[in-house]
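Only one structure is covered here, and it is reproduced in the block below.
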Amino acid sequence: MPQSNPMAGEVYRHSKGKMYKVQGIAVHFETGEAMVIYQEMYGDNITYVRPYESFIENFTFTPTGIQTDDTPTEKEPQESPMLRFLDTDDFDEKYEILCNIPKADIDDVLVDNLAVTLDVVIPDGPIEQRFAELKTCVRTRKKYESLRLR
């Protein structure tokens, strides 16, 4: 089902699974056609422009996406594992947060968003395997980052 009214700062998932952040809405100078300006949340963070109608047909809004503006979320920060994960720089705490996320709350969007914050890519596959790989990345960082001088 097409989504409507994409706004700057919102996170969307393309039908092929990649995550993008809307930068804004523009109007084509010559044709007057509405366009969506959006940026990939992986790789080189390339910015694209696409006709509005095409965007809403091919992208799905992700309400659990990474908040990039000051818009308040529905959950309090202490209730959201993602926000607690983002708020700490300590990999021991990050690993503890991952271990305490209820299994029912773990989905591809959560894994993708947390992986983006760690600057890692978790390959597609079963959600249990993807989440285990995310935990392995945090465990490895925990082991080696604590040895670095800060």
Condition first: surrounded by 15 or more Cβ atoms within 10 Å (Cβ to Cβ) and of a type in the set (A, V, I, L, M, F, W, C). Now tell me which residues in the stretch 7-43 satisfy that.
Val11, Met19, Val22, Ile25, Met35, Val36, Ile37, Met41
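Per-residue answers, yes or no, for (1) among the basic types (Lys, Arg); (2) at pLDDT below 90; (3) closer than 24 Å to Val111 by Cα; (4) outside any strand (DSSP E or B):
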{"site": "Gly17", "(1), (2), (3), (4)": "no, yes, yes, yes"}
{"site": "Gln23", "(1), (2), (3), (4)": "no, no, yes, no"}
{"site": "Tyr42", "(1), (2), (3), (4)": "no, yes, yes, yes"}
{"site": "Glu53", "(1), (2), (3), (4)": "no, no, no, yes"}
Answer yes or no as to whether Asp105 is on the phi > 0 side of the Ramachandran plot and either open to solvent by 70 Å² or more (accessible area, probe 1.4 Å) or touching a Ser or Thr at 6+ places or on another chain (Cβ under 8 Å) (or both).
no
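The values are calculated or read from the model by the stated rules, or taken from the named source; none is laboratory data. This structure is a prediction, so every number in the text was calculated from the model and none was measured. In this analysis, Cβ positions are derived from the backbone assuming ideal geometry, glycine residues included, and neighbour counts consider all displayed protein chains. Heavy atoms of the whole protein, side chains included, go into the accessibility calculation; ligands, DNA and RNA do not. Shrake-Rupley method; radii C 1.70, N 1.55, O 1.52, S 1.80 Å.
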